[in-house]
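*Asks:* So that we are looking at the same thing, I have put the structure below in structure tokens.
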């Protein structure tokens, strides 16, 4: 699992470095690169490749699409860390982008990473027809904006120190985290034009994203700052609306285990083709144990 994850991370970073190097040199390239590279474990890209394997998608195309996803993910983290949002000073074991540079620079670098994702997906180097590229750009836009990441972050901030129902907390976390995973799960389906699978993989992606967010919340609850690479035990201090705040630590673990089993049941029709994806899901859960 780690070997496969490392390969995808390496190949994605190679693509991103080359792509940024090919861009017109501007003052924002440095903070953009700082917030993007070397990046995290590239779990979203791994999910994309895992599902691409089920549908036999060209690996290099998946790496390029994954690079666009990582740009959007990096943009969301840069903005999440801002003083007006979660006000975090550490990210991935180093100073957050606004602490390294400035708030205004971080905002502009994040905005630039968001838009460069669309450039990557529409670039001629992505060997897909234009109709598919347009569909991918449309979907990733929906997953990133008010109905996705941005909308989820808005709710996350608005729900602080308030009593929120389980349903609304799940909806918020699916937007904030699950939607980008949904894109990773749906992109290979769009490429192969297997429209009858779209809803199935939209739901699988949302659930994987929810599972990822739960694991993150569990890490925040019981993790170590030095090991994690960012401040922990923040959610409780800020009164964040999480499954832990509603269900408790042990019941949240039980909830995540049940969610995993539900995902696995839906993947059983793909047999051994889904083994890599199942291993990745197990890895996501194991991060908090």
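The values are calculated or read from the model by the stated rules, or taken from the named source; none is laboratory data. All figures in this text were calculated on a predicted structure; none of them were measured in a lab. Cβ placement follows ideal geometry from the backbone for every residue including glycine, while neighbour counts extend to all protein chains displayed.
*Asks:* Could we say that residue 235 is in contact with a helix residue (DSSP H, G or I) (Cβ under 6 Å, 6 or more places away or on another chain), part of a helix (DSSP H, G or I), without any contact (Cβ under 8 Å) to a residue 24 or more places away in the chain and within 30 Å of residue 65 (Cα to Cα) here?
*Replies:* Values: in contact with a helix residue (DSSP H, G or I) (Cβ under 6 Å, 6 or more places away or on another chain): yes; part of a helix (DSSP H, G or I): yes; without any contact (Cβ under 8 Å) to a residue 24 or more places away in the chain: yes; within 30 Å of residue 65 (Cα to Cα): no.
Here the answer is no, as residue 235 does not meet what is asked.
*Asks:* Check the range 184-200 and report whether any residue there is part of a helix (DSSP H, G or I) and modelled with pLDDT under 95. Walk me through it before giving the result.
*Replies:* Within the range 184-200, the subset part of a helix (DSSP H, G or I) is 184-192, 195-200.
In the following step, the residues that additionally are modelled with pLDDT under 95 were identified as 195-196.
Yes: one or more hits.
*Asks:* Here is a further query. Does residue 240 fit the bill of being closer than 30 Å to residue 87 by Cβ, in a loop (DSSP other than H, G, I, E, B) and within 21 Å of the chain's Cα centre (by Cα)? It would help to see each step written out before you state the result.
*Replies:* Numbers: closer than 30 Å to residue 87 by Cβ: yes; in a loop (DSSP other than H, G, I, E, B): yes; within 21 Å of the chain's Cα centre (by Cα): yes.
Yes.
*Asks:* Do we find that residue 82 is over 17 Å from the mean Cα position of the chain (by Cα), part of a helix (DSSP H, G or I) and over 20 Å from residue 180 (Cα atoms) in this structure? First the steps, then the outcome.
*Replies:* Values: over 17 Å from the mean Cα position of the chain (by Cα): yes; part of a helix (DSSP H, G or I): no; over 20 Å from residue 180 (Cα atoms): yes.
No: the conditions fail for residue 82.
*Asks:* A follow-up question, please. Being out of contact with any strand residue (DSSP E or B) (no Cβ under 9 Å at 6 or more places or on another chain) and without any contact (Cβ under 8 Å) to a residue 60 or more places away in the chain narrows it down to one residue among 180, 198; which is it?
*Replies:* Values: 180 fails: without any contact (Cβ under 8 Å) to a residue 60 or more places away in the chain.
On inspection, the qualifying residue turns out to be 198.
*Asks:* When the range 24-40 is examined, which residues are found to be in a loop (DSSP other than H, G, I, E, B) and without any contact (Cβ under 8 Å) to a residue 12 or more places away in the chain?
*Replies:* Taking the range 24-40 first, the residues in a loop (DSSP other than H, G, I, E, B) are 24-28, 37-40.
24, 25, 26, 27, listed by residue number.
*Asks:* Would you point out which residue out of 54, 72 is within 17 Å of residue 192 (Cβ to Cβ) and touching a helix residue (DSSP H, G or I) at 6+ places or on another chain (Cβ under 6 Å)?
*Replies:* Just one listed residue meets the conditions, 54.
*Asks:* Looking at (1) surrounded by 13 or more Cβ atoms within 10 Å (Cβ to Cβ); (2) without any contact (Cβ under 8 Å) to a residue 24 or more places away in the chain; (3) in a helix (DSSP H, G or I), which is the one condition that is false for residue 219?
*Replies:* Tallying (1) surrounded by 13 or more Cβ atoms within 10 Å (Cβ to Cβ); (2) without any contact (Cβ under 8 Å) to a residue 24 or more places away in the chain; (3) in a helix (DSSP H, G or I), residue 219 fails exactly one: (2).
*Asks:* Applying the selection to the range 207-232, what residues are under 21 Å from the mean Cα position of the chain (by Cα) and modelled with pLDDT under 85? Break it down into steps so the answer makes sense when it comes.
*Replies:* We begin by selecting, within the range 207-232, every residue under 21 Å from the mean Cα position of the chain (by Cα); these are 207-221, 223, 225, 227-232.
Residues satisfying the conditions are 223, 225, 227, 228, 229, 230, 231, 232.
*Asks:* Another question about this same structure. Which residues, taken from the range 7-17, are free of Cβ contacts under 8 Å to residues at least 24 places away in the same chain and closer than 22 Å to residue 77 by Cα? So that I can check it myself, show each step before the final result.
*Replies:* Quick first cut of the range 7-17, residues free of Cβ contacts under 8 Å to residues at least 24 places away in the same chain only: 7, 10, 14, 17.
Within the range 7-17, 10, 14, 17 meet the criteria.
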